[in-house]
Amino acid sequence: MTSADSTPAETDRRAGWVRLAVIGAVGGLLSGAFGVGGGILMVPLFVMFAGMDQRRASATSLAAIVPTAIVGAVTYFLNGEVALIPALFVAAGGIIGSWVGARLLRRLPLGWLRWMFIALLVAVAVRMLLFVPERAAMQLELDALTIIGMVAIGLVIGVASGLFGIGGGLVMVPAFMLFFGMSDLVAKGTSLAVMIPTAISGTVTNARGGIVDLRAGIIAGVAATAASFGGVALAHLMSPAVSTWLFAALVVIAAVQLSVRAIRQQKKERSERVA
């Protein structure tokens with residue numbers, strides 16, 4: 001069949017696949033470069049360009065994160081930039097937290113989810129602007145208090161992962177650097193390692209709840225996986241300061257776009273109720 005013989009439905013379907021692949025590539029690049037799952041931008045992109053509501057976008061983003069986190073973590077590990085023991089403790093809390101967050105995702109009103117996600121974006125941007133990480137790392141000592149802290153961070157990360165469709169790197173990377181003295185590269189690699197079981201746990205729960213677009217997740221996930229290699233290379237080229245400011249700028253853009261969309265949606269819902 002030639003391109004001239006393609007039906008409008010086929011053309012639209014191919015265009016949809018391209019949009020999903022581009023969304024995944026953006027997420028994968030961020031995953032490798034900043035140690036995050038990529039959901040922080042994949043979620044708003046799914047909402048704006050794939051026509052998903054906040055709930056389905058969050059669940060689908062989390063599914064796409066799984067292969068991306070695996071590839072990114074392996075790449076950092078081969079460079080000696082993954083702290084495996086801390087990753088295990090954080091992952092233990094993350095698995096439980098993602099189970100809780102995924103269930104909250106099915107119960108909270110969509111309006112709440114929109115504004116909670118926007119608030120998270122703003123908080124992350126502010127944190128990045130106020131703190132510039134160091135590339136040098138301190139030696140981490142695993143005492144009882146440190147282990148408890150890691151499990152607690154894992155719980156918070158897991159809830160954020162299941163609720164917002166993000167891998168949790170937005171919490172992990174700064175926490176690893178601020179509280180445990182990891183370098184920015186080790187923090188990113190360890191963050192991706194923790195995301196693997198956390199994202200899998202949340203995705204399984206979301207799939208059982210029927211709120212994941214698996215086709216979209218697979219397409220975006222494959223593209224994200226390919227792009228994550230370039231992201232890891234970019235992470236090693238950027239200084240910590242440049243990395244921080246660039247990602248903060250991207251987060252602000254995403255927050256503004258989602259805020260505009262949320263306000264428009266609220267106005268539309270009000271007019272529908274009046275009508």
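The values are calculated or read from the model by the stated rules, or taken from the named source; none is laboratory data. Note that the structure is predicted; figures quoted are calculated from it, not measured. Heads up, the Cβs are rebuilt from the backbone with ideal geometry, glycines too, and the neighbour counts pull from every protein chain shown. All accessible areas refer to the heavy atoms of the entire protein, side chains included, with ligands and DNA or RNA removed. Shrake-Rupley method; radii C 1.70, N 1.55, O 1.52, S 1.80 Å.
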| Pair A9, F77: separation of 7 Å Cα→Cβ label points (nm) | 4.4
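Helix-derived [θ] at 222 nm for the chain: sum -39500 (n - 2.57) over DSSP H runs of at least 4, divide by residue count, nearest 500? Show your work: numbers first, answer last.
Values: 10 runs with 225 residues, N = 275.
It lands at -28500 deg cm²/dmol.
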| field | Carbon + sulfur, % of accessible area of the chain - ligands and nucleic acids excluded, 1.4 Å | value | 70
| Helix 184-208: angle to the longest alpha-carbon principal axis of the chain, degrees 0 to 90, nearest 10? | 40
| said: Taking only the Cα atoms of region 170-240, how large is their convex hull per residue, in Å³? | reply: 96
| Out of A216, A262, A57, any idea which swings most in a Gaussian network model of the chain, alpha carbons joined below 10 Å? | A262
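Find the percent of Cα-Cα distances in region 38-139 that exceed 20 Å, and round it to a whole number. Walk me through the intermediate numbers first.
Working: 2846 of 5151 pairs.
Summing the P(r) tail past 20 Å for region 38-139 gives 55 percent.
When ligands, DNA and RNA are left out and all protein chains stay put, how many square angstrom of accessible area per residue does the chain have with a 1.4 Å probe?
On the way: 12410 Å² over 275 residues.
Ligands and nucleic acids excluded, the figure is 45 Å² per residue.
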| query | If one takes the longest principal axis of the Cα atoms in the chain, at what angle in degrees, from 0 to 90 and to the nearest 10, does the Cα axis of helix 39-49 lie? | reply | 10
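Considering every pair of different Cα atoms, what Kirkwood radius, in Å, is found for the chain? It would help to have the intermediate numbers written out before the result.
Numbers: mean 1/r = 0.0538 Å⁻¹.
One over the average 1/r among Cα pairs gives 18.6 Å for the chain.
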| field | Debye, to nearest 20: dipole size of the chain, +1 on Lys, Arg Cβ, -1 on Asp, Glu Cβ | value | 1020
| request: Quick one: angle between helix 84-107 and the longest Cα principal axis of the chain, in degrees between 0 and 90, rounded to 10, please. | output: 30
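Taking 8 Å as the Cα distance limit and 6 or more residues as the minimum spacing, I'd like the relative contact order of region 158-235 as a percentage. Please report the intermediate quantities before stating the final value.
Numbers: 38 pairs, mean separation 20.6, N = 78.
Dividing the mean separation by the residue count of region 158-235 yields 26 percent.
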| remark: Taking the dipole of region 193-275 about the Cα centre (Lys, Arg +1; Asp, Glu -1; charges at Cβ), the one of F247, A223, L258 that reaches farthest to the positive side is L258
| request: Find how many whole Å separate the alpha carbon centroid of region 248-275 from the alpha carbon centroid of region 193-234. | output: 26
